[in-house]
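The values are calculated or read from the model by the stated rules, or taken from the named source; none is laboratory data. No experiment lies behind these values; they were computed from the predicted model shown. Positions of Cβ are backbone-derived with ideal geometry, glycine not excepted, and every protein chain shown enters the neighbour counts.
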């Protein structure tokens, strides 16, 4: 149609070909043609599986609510003359399988002071781990970097978290880490054999350890979501900033920066689920936390993580310690001594 319109406008064949982006002979052919171009219809091809589709549908329907494997169905249709590949059968049978609806996400909210969720984040490239604790009601969180996940490290991190929050929750939810539970259901269903040091810590601070269901990270979804926030909104930007300056992240630097990030960003943002600021919600939840007892002096090996001077969130925060990326790592030790 465009070629014919251009021709009626008086343009030459060469000018039309240039404007339409085709050859001159193509312009000549379309001008000589009678009516619109007609395309040759390709014959519909019958697939190798076509004669057996009804049989497969009947077999799948007869087995409901159970499911016959595609390998078995492929063997059956081959006995009836099918000469195609198993992949054809597998793809067709998969289309008959009903879509499993996604499990509805039910948010489990806890009353103030009841629950704290605890987890580890591993940063293998930096040979570091982060202890993360999140209060279930206020969503206030605590982060501390360590170099191992031993029981004495876990104990020290608990103590620092309790002091940071200004109290102790009535229960703490863990996954199945070996420093927490030695054997699940050892004394009956739901009666687990916990690590003796963790039990001693729980008796001293009067909290009840709880375990989430195996392979069910959503059970402790509050801390799991915060883990992702830590990894991509704090750790990755910090590591890349230091790497660009030729520096490597160490434990002390990471912990100092983490406490400042908690104070200035994480605990003062509006939480997406609660619509509240965690630091403000913590001031209300702290009244429901158990009072901190005397410092724990349990019978454990010498702690590999030194006690941190962790100010409660309601106290004035210390002045920010600048960590210029252009200096060598030895400067960090000097900054830490000055901070102490």
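Within segment 292-315, is there a residue that is farther than 30 Å from residue 239 by Cβ, modelled with pLDDT of 90 or more and surrounded by fewer than 17 Cβ atoms within 10 Å (Cβ to Cβ)? Scanning segment 292-315 turns up at least one residue that is farther than 30 Å from residue 239 by Cβ, modelled with pLDDT of 90 or more and surrounded by fewer than 17 Cβ atoms within 10 Å (Cβ to Cβ).
Is it the case that residue 122 is surrounded by fewer than 13 Cβ atoms within 10 Å (Cβ to Cβ), more than 30 Å from residue 291 (Cα to Cα), touching a strand residue (DSSP E or B) at 6+ places or on another chain (Cβ under 8 Å) and at pLDDT 90 or above? Yes; evaluated as a whole, the condition is true for this residue.
If you filter segment 83-96 down to residues that are touching a residue at least 24 places away in the same chain (Cβ under 8 Å) and either under 33 Å from the mean Cα position of the chain (by Cα) or closer than 23 Å to residue 66 by Cβ (or both), you find that the one that is surrounded by the most Cβ atoms within 10 Å (Cβ to Cβ) is 89. When 11, 40, 29 are screened for being more than 26 Å from residue 73 (Cα to Cα) and either at pLDDT below 85 or exposed (fewer than 10 other Cβ atoms within 10 Å of the Cβ) (or both), only 40 passes.
Is it the case that residue 143 is assigned by TED's automatic domain parsing to the domain that holds residue 269 and assigned to a strand (DSSP E or B)? Yes, satisfied. If the condition is being surrounded by fewer than 21 Cβ atoms within 10 Å (Cβ to Cβ) and within 23 Å of residue 148 (Cα to Cα), then segment 161-173 contributes only 163.
Considering only helices (runs of 4 or more DSSP H) fully contained in segment 151-250, which possess at least 2 residues that are in contact (Cβ under 8 Å) with a residue 40 or more places away in the chain and under 29 Å from residue 273 (Cα atoms)? Per the criteria, 151-165, 221-230.
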